[in-house]
1. Mind listing whichever residues of region 6-46 are at pLDDT 95 or above, among the polar types (S, T, N, Q) and open to solvent by less than 70 Å² (accessible area, probe 1.4 Å)?
2. Quick one: would you say residue 57 is over 22 Å from the mean Cα position of the chain (by Cα), assigned to a loop (DSSP other than H, G, I, E, B) and closer than 30 Å to residue 14 by Cβ?
3. Do any helices (runs of 4 or more DSSP H) entirely within region 68-142 hold 3 or more residues that are under 25 Å from residue 176 (Cα atoms) and without any contact (Cβ under 8 Å) to a residue 24 or more places away in the chain, and if so, which?
4. Looking at region 139-167 only, could you name the residues that are surrounded by fewer than 19 Cβ atoms within 10 Å (Cβ to Cβ) and polar (S, T, N, Q)?
5. Pairs, please: C-beta under 6 Å, at least 6 apart or cross-chain, first residue within 14 Å of residue 189 (Cα to Cα) and polar (S, T, N, Q) and in region 153-168, second open to solvent by 20 Å² or more (accessible area, probe 1.4 Å) and assigned to a helix (DSSP H, G or I)?
6. Go through the residues of region 178-186 one by one and say whether even a single one is assigned to a helix (DSSP H, G or I), under 25 Å from residue 89 (Cβ atoms) and in contact with a Cys (Cβ under 7 Å, 6 or more places away or on another chain).
Amino acid sequence: MKSVKSDRSSEQKIPPRDRIVSTACQLFREHGIRGIGVDAIAEAAATNKMTLYRHFGSKDDLVCEALKHSSQTLDQAWKDLETNNPGDPRAQLAAWVKARAQCLSSEPYGCDLANAAVELKEQGHPAHAVIESLKMQQHSRLADLCRSTGARDPELLADTLSMLLEGARVSKLATGNEGPSMRFTRACEAAMVAFGLGAGALS
């Protein structure tokens with residue numbers, strides 16, 4: 001078992017800015033953006049408030065950077081779809097659905113971007129532009145993939161799959177694993193069939 005001193009030492013090897021961002025991501029996820037202050041973030045990141053403000057001019061700046069950081073794994077996920085299913089857009093789309101279903105079962109706090117959009121209600125908050133940009137990037141990639149499958153009305157299919165995913169996330173938070181979210185994969189397959197991609201795409 002590692003000692004606390006050992007864990008602390010390994011943390012210190014990570015640049016302060018990276019520690020602050022990754023720590024903020026986790027704390028915002030667990031407690032909400034409004035529920036955690038910069039003092040707590042700095043302490044959890046094994047640094048101090050002065051260092052935090054040296055890297056980020058305000059908490060809002062840190063929120064924006066944390067949201068960008070939390071979305072970085074999605075870039076790798078898209079690369080994995082292509083690597084694991086080369087030249088097969090339909091298999092890539094099926095893999096996208098399966099990957100999103102797995103995330104649904106393993107993300108207890110829901111989507112960081114969607115949660116932030118709901119929590120930060122005031123107009124003009126800089127995070128809204130970040131959220132919109134990141135969400136639209138993901139939607140654009142999904143629409144491109146839907147087009148490459150030869151589906152009928154691929155833009156509408158992308159919209160449908162996106163809304164099924166967002167709805168499933170909210171449903172899981174509201175009703176748990178046994179609510180409508182448990183049928184996310186089946187709902188996506190029904191949508192894909194309706195848009196001409198054939199039955200059994202996700203089997």
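The values are calculated or read from the model by the stated rules, or taken from the named source; none is laboratory data. The model shown is predicted, which means the values in this text are computed figures rather than measured ones. A quick note on method: Cβ atoms are made from the backbone with ideal geometry, for glycine too, and the neighbour counts reach across all protein chains shown. Only protein heavy atoms, including side chains, enter the accessible area calculation; ligands, DNA and RNA are left aside. Shrake-Rupley method; radii C 1.70, N 1.55, O 1.52, S 1.80 Å.
1. Passing the criteria: 22, 23.
2. Against the criterion (over 22 Å from the mean Cα position of the chain (by Cα), assigned to a loop (DSSP other than H, G, I, E, B) and closer than 30 Å to residue 14 by Cβ), residue 57 qualifies.
3. Ranges flagged: 89-106.
4. Matches in region 139-167: 140, 148, 162.
5. 162/139
6. No, region 178-186 has no match at all.
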